[in-house]
Amino acid sequence: MDSTPAHRAAVDAFYRAYASQDPEQIGARVTDDVEWHVAGPVDVMQVAGFWRGKAAVMDRFARVVPAAVRWKSLHVECLLVDGESSAMFGRISCTQLHSGREICHRTAHIAHYRRGKVACFHVINDSLDAAEQYLGRRIHLTDDAPLLSDDLFAV
């Protein structure tokens, strides 16, 4: 399905709202039953997790995000729109409130729209890089800990 100007306008409007971090503006750009998933270790990155419904997403931006970080910017490096879906690759910058650390990491978004509003939003962060920045130290993986389970490759 090709992208139409209306779909591109909906994506652009959503990202303007997202960049504002304003719960009301974001709420106006998501469906009532939106599913919002931010991948990452929740114990380290308090902004990661799963939210269902417009009220929960608005609460995330009104309460959860401001309690953990001071938002700085989203730098969009690549944005693709195909029909009612979009994919974004970029970089998020913020300041961790409890430590004052500047956090800057790569992120990717996959979004699906319904009638011009986000119905499903998936965030894939460079979570190792982000977690190290949140913790203020490198995370060392042990040589005896497999990075991938052999079960992943079983047929």
**Q.** Candidates VAL69, VAL81, VAL57, VAL38, filtered to the one that is within 14 Å of HIS109 (Cβ to Cβ), over 13 Å from the mean Cα position of the chain (by Cα) and buried (at least 18 other Cβ atoms within 10 Å of the Cβ)
**A.** VAL81
Q.
Among the residues in the stretch 133-150, are any of a type in the set (Val, Ile, Thr), under 30 Å from GLU24 (Cβ atoms) and modelled with pLDDT under 95?
A. no
Q: Being within 23 Å of GLU24 (Cα to Cα), assigned to a strand (DSSP E or B) and either of a type in the set (Lys, Arg) or in contact (Cβ under 8 Å) with a residue 24 or more places away in the chain (or both) narrows it down to one of CYS104, CYS120, so name that one.
A: CYS120
Q. Restricting to the stretch 89-113, what's the tally of residues that are surrounded by fewer than 14 Cβ atoms within 10 Å (Cβ to Cβ) and either within 21 Å of VAL34 (Cβ to Cβ) or aliphatic (A, V, I, L, M) (or both)?
A. 1
Q | Lone qualifier among ILE103, ILE92 - being at pLDDT below 95 and touching a Leu at 6+ places or on another chain (Cβ under 7 Å) | A | ILE92
Q.
Being in contact with a Pro (Cβ under 9 Å, 6 or more places away or on another chain) and of a type in the set (A, V, I, L, M, F, W, C): is that true of ALA62 here?
A. yes
Q. ASN125 is checked against (1) modelled with pLDDT of 90 or more; (2) under 14 Å from the mean Cα position of the chain (by Cα); (3) not small (Gly, Ala, Ser) and fails just one. What number does that condition carry?
A. (1)
Q) Since ALA6 meets every condition but one in (1) closer than 18 Å to ALA108 by Cα; (2) of a type in the set (A, V, I, L, M); (3) surrounded by fewer than 17 Cβ atoms within 10 Å (Cβ to Cβ), which condition does it not meet? A) (1)
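The values are calculated or read from the model by the stated rules, or taken from the named source; none is laboratory data. These numbers were taken from a predicted model, which means no experiment stands behind them. Because the Cβ atoms are built from the backbone with ideal geometry, glycine has one as well, and the counts that use them run over all protein chains shown.
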